[in-house]
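*Asks:* First, the structure itself, so that you have it in front of you.
A short reminder: the numbers here are calculations on the coordinates, not readings from a lab. Computed from a predicted structure; not experimentally measured. Every residue, glycine as well, gets a Cβ built from its backbone with ideal geometry; the counts of neighbours run over all protein chains shown.
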Amino acid sequence: MKYSNESIEKSAEYLRQALPLMSRQAAALHPVSYAIWYEYVSGRNPALRASIDQLTRNGAVLDEAATTELFRKHVAELDEQLVKRVSDDFNKIMSDMNQSAEQASDHADRFGNALEQWSATQAQSPSAGDTGKLLLQTREMQQSIATMKESLEESRNEIERLRKEVSRAREDALIDSLSGLKNRRGFDKALAACLGAPDSGEPGPSLLIVDIDHFKHVNDRYGHLSGDRVIRIVAQILKENVKGRDTAARYGGEEFAILLPDTPLAGAAHLAEKIRATVEKLIIKRASSKEPLAKITVSLGVASYSAGESASDFIARADAALYAAKNQGRNRVNIAEANKDAGKEADKVAGSPAGA
């Protein structure tokens, strides 16, 4: 699958057709997604097109699993080298379009200047032939060049618009639409970057896992709209309590995560208690009747990263602390059991007793 063999013009047209289709799906805009939609709009892969039409019938969208399966079945076996090549081809299309526009504009400027000089020479030469006709042709050529430059400028603007749209779509793919926080994918990306950064020697990072207590009861008693309202309000509290490189995310359902790259365990525990107390004081009312909801509380698990442990182990320790807090009565903060290899103190508990 060599996309770079296509002409720039044809590739650009396929890109313009593919991008809106990609943006409507549940899968992120990445090289695998681009590959199947490039194949789709180009018409080169009838079997793929038929499968996509079948899967997206009646407004259905493609998620990550469906996108990957379509790629594997109809385009190529998924491997890292192929994904990199598709990504490189995608970026090459954008780069070549911009470079071609710049080169053509430079040539047009030089040609226009040469024509201006030639016109002045012809106008002053008594031995010239039909100077008027030549000058008219010169002006027509200059007008043609001006039109071409305008077209090239429009192309550059379109390239920039596409770049921004791709960038915005990538960013949107990392945001949870209900809470406005990072989604699970956005959190995983932030955690990978945090753990992959060089060790600064400072304490941290720390991780908070937050869960809304008895959330199913809220949905069952007041309805999903009220449940959504609770999620948005809790999310806003989390957003207001992070800063700098911190990341607040909706981890799934009524569960949230806060990654604190530069915060040691004591600071993370303090923040967790602040969040718990803030939520406990909330009085949330139904949007329709203004009826107050039952008291909303959260339980939190806190963990500090131990050098050398995996991301999954780091998350698992914070998650275990959360479930310990819930088992101990909810509406409390629990410090994660330390990594045994690190020899740290285990099972410290902070926070107020259960209130729900």
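*Asks:* With unit charges on the beta carbon (Lys/Arg positive, Asp/Glu negative), name the residue among S177, C194, T263 whose Cα is farthest towards the positive pole of the charge dipole of region 167-263.
*Replies:* My answer, from the dipole projection, is S177.
*Asks:* Once the cut-off is 14 Å, how many percent of the Cα-Cα pairs in region 174-249 end up in the long-distance tail? Before the final figure, lay out the partial values.
*Replies:* Working: 1932 of 2850 pairs.
Considering region 174-249, 68 percent of its Cα-Cα pairs are separated by more than 14 Å.
*Asks:* Can I ask one more? Using DSSP to define loop residues, name the trypsin sites (Lys or Arg not before Pro) in region 262-295 whose beta-carbon has at most 15 other beta-carbon atoms within 10 Å. Numbers along the way, then the final one.
*Replies:* On the way: sites: K274, R276, K281, K285, R286, K290, K295; in loops: K281, R286, K290, K295.
Loop-located and lightly packed - K281, R286, K290.
*Asks:* Would you please give the residues with an amide H less than 5 Å from that of Y251, counting only those at least 5 places away or on a separate chain, with H modeled from the backbone geometry?
*Replies:* Answer set, sorted by chain and number: F256, A257.
*Asks:* Per q in 0.09, 0.15, 0.19 Å⁻¹, report the Debye log10 I(q)/I(0) for region 169-325, using one uniform scatterer on each alpha carbon and no solvent.
*Replies:* Rounded to two decimals, the profile gives -0.29, -0.77, -1.17.
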